[in-house]
Amino acid sequence: MTPAHRIALSLAFITPPAFAGNYATCILDKAPGTPYNAAANAVHQYCIAQYPDGYSAVVHGSGGSWLSASYKSGAECIQKKTVDTPSQRAVIMIGVACRRLYDGQSQ
């Protein structure tokens, strides 16, 4: 095994694993702290361009993974993610994303 192969193999074990994102995780990454509704609309436009299937591709309750920040419920996620978010539109978007990811399968 060459030194380059050893380095590559070592990096594979020490770098954090990447996990597939979705529309809801994009919203939770980009929307917190959004000051204005126009900026919240831009967040939506960015995320829907990245994940055109929107919420239809997000499995209910799929946010409780060891690969990502995990909350016990949608309510806990909403409380943590919206605390410093002035935009009402962003708060609503975050709420929907949190409920989709951290509350169980809808009936």
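Find the residue count for the range 25-51, including only residues that are in contact with a Cys (Cβ under 9 Å, 6 or more places away or on another chain) and more than 18 Å from Cys77 (Cα to Cα).
Residues that pass the stated criteria total 6.
Restricting to the range 38-63, name every residue that is surrounded by 14 or more Cβ atoms within 10 Å (Cβ to Cβ), under 24 Å from Pro86 (Cβ atoms) and of a type in the set (S, T, N, Q).
Residue satisfying the conditions is Asn41 alone.
Just for the range 80-102: of the residues that are modelled with pLDDT of 95 or more and among the hydroxyl-bearing types (Ser, Thr, Tyr), which one is farthest from the chain's Cα centre (by Cα)?
Ser87
For residues that are hydrophobic (A, V, I, L, M, F, W, C) and not in a helix (DSSP H, G or I), scanning just the range 30-66, find the one that is modelled with the highest pLDDT. Give the derivation first.
Let us first name the residues in the range 30-66 that are hydrophobic (A, V, I, L, M, F, W, C), namely 31, 38-40, 42-43, 47-49, 57-59, 66.
Remaining after also requiring not in a helix (DSSP H, G or I): 31, 58-59, 66.
Values: Ala31: 97, Val58: 91, Val59: 87, Trp66: 52.
The qualifying residue modelled with the highest pLDDT is Ala31.
Among the residues of the range 67-79 satisfying the criterion of being exposed (fewer than 14 other Cβ atoms within 10 Å of the Cβ) and either of a type outside the set (Gly, Ala, Ser) or modelled with pLDDT of 95 or more (or both), which is nearest to the chain's Cα centre (by Cα)?
Leu67
The values are calculated or read from the model by the stated rules, or taken from the named source; none is laboratory data. Values in this document were obtained by computation on a predicted structure and should not be read as measured data. Note that we place each Cβ from the backbone using ideal geometry, even for glycine, and neighbour counts take in every protein chain shown.
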